[in-house]
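Here's the structure, in structure tokens; my notes come after.
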């Protein structure tokens, strides 16, 4: 069920929003509804791990003392010699 909402916004923001909505073929109401839906959507605290990803975890082992950025830098230096 749709319900009316009155907002007070700066005139330039309203004009910019109207132009954006028009250029994207969407009503200003739907644009704001979409934004608020995204903003208020509850986040999932846990990500679902697919069976494929789970089967791949632990396949490669990396030493704890390795500096990943340094190793990548060394790789790039060697690659572009």
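The values are calculated or read from the model by the stated rules, or taken from the named source; none is laboratory data. All figures in this text were calculated on a predicted structure; none of them were measured in a lab. Don't worry about glycine lacking a Cβ; one is built from the backbone with ideal geometry, like all the others, and counts go over all protein chains shown.
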Give the number of residues within region 25-42 that are exposed (fewer than 10 other Cβ atoms within 10 Å of the Cβ) and either assigned to a loop (DSSP other than H, G, I, E, B) or touching a helix residue (DSSP H, G or I) at 6+ places or on another chain (Cβ under 9 Å) (or both).
3
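Results for (1) touching a residue at least 24 places away in the same chain (Cβ under 8 Å); (2) over 19 Å from residue 3 (Cα atoms); (3) under 23 Å from the mean Cα position of the chain (by Cα), shown as yes or no for each residue.
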{"site": "15", "(1), (2), (3)": "no, yes, no"}
{"site": "18", "(1), (2), (3)": "no, yes, no"}
{"site": "25", "(1), (2), (3)": "no, yes, yes"}
{"site": "29", "(1), (2), (3)": "no, no, yes"}
{"site": "33", "(1), (2), (3)": "no, no, yes"}
{"site": "37", "(1), (2), (3)": "no, no, yes"}
{"site": "49", "(1), (2), (3)": "no, yes, yes"}
{"site": "52", "(1), (2), (3)": "no, yes, no"}
{"site": "57", "(1), (2), (3)": "no, yes, no"}
Considering (1) surrounded by 10 or more Cβ atoms within 10 Å (Cβ to Cβ); (2) on the phi > 0 side of the Ramachandran plot, say which one residue 72 fails and leave the rest.
(2)
Can residue 64 be described as farther than 28 Å from residue 3 by Cβ, out of contact with any strand residue (DSSP E or B) (no Cβ under 9 Å at 6 or more places or on another chain) and surrounded by fewer than 10 Cβ atoms within 10 Å (Cβ to Cβ)?
yes
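Residues checked against (1) exposed (fewer than 10 other Cβ atoms within 10 Å of the Cβ); (2) touching a strand residue (DSSP E or B) at 6+ places or on another chain (Cβ under 9 Å); (3) at pLDDT 90 or above:
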| position | (1), (2), (3) |
| --- | --- |
| 4 | yes, no, yes |
| 16 | no, no, yes |
| 44 | yes, no, no |
| 54 | yes, no, no |
